[in-house]
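Working notes, beginning with the structure itself.
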Amino acid sequence: MNRLAVPVISSGILALAFSVVARGDLWDKKTIITVNESIQVPNKVLPPGTYVMKLADSQSDRHIVQIFNARESHIETTVLAIPNYRLQPTGHTAFSWWETPPGQPKALRAWFYPGDNFGQEFVYPKGAFNTMTAVVRTQTEAQAAPPPPPPAPVPEQEAAVTAPEPAPEPAPQPVEMAQNSPPPAPQAAPAPPPSEPAPRELPKTGSNVPLIGLGGAFSLAALALMRLLRAAA
């Protein structure tokens, strides 16, 4: 039993050691990248060569990318990335790049570890490549467009045929001479119509009805006064 226990325990220790190494590679996402031309990452231009990319050993932030040289003896740069997501993971390492103007090294945009949906996206200044790319495209299109051809010269014969004929001059109109005729005599203004004579006396428009009524009122008052005097006597 003791002889069988020793090989079993040894194989278990070896399996545990290999599992720790595998987990270590998955933890830091170690990736070896070889480029044959210069590339740029935030705040750094990497010349052609071989580099090792890892995630920093940090429990709080899993988006700190460290780029080493091929021997991992020197850190070229440390980049603070942001999470990026893809729908279809692949079984190999995937990189995406920003389009840059001619003459500038291409810029690394995102890095995905094999089998991961989430990757690391490298952040550059806002509009650093989009603006420059748009300007370069505009200049390229302007240079590629041929200039418009000059207008073809018109032959002299065609020009003579198509030239408009001059308009005929108008015939001279006869000019009437002024004559010294006497001006017409002024007509006399018509006399105003005679006005009607003003009436000497104003017409009588009043009536005697008010006077009659006033006299009746005085009579009634006198009669009432006489009755009072008799009643008092």
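Laboratory data are not the source of any read-out in this text; all were calculated from the coordinates shown. This is a predicted model, so every value here is computed, not measured. Ideal geometry is used to build each Cβ from the backbone, glycine not excepted, and the neighbour counts take in all protein chains shown.
Would you order Met226, Met53 from fewest to most other beta-carbon atoms within 10 Å of each residue's own beta-carbon?
The order, fewest Cβ neighbours first, is Met226, Met53.
Cut-off under 17 Å on the C-alpha distance; same-chain residues fewer than 8 positions from Lys126 excluded. Which lysines are left, in chain and number order?
List returned: Lys44, Lys106.
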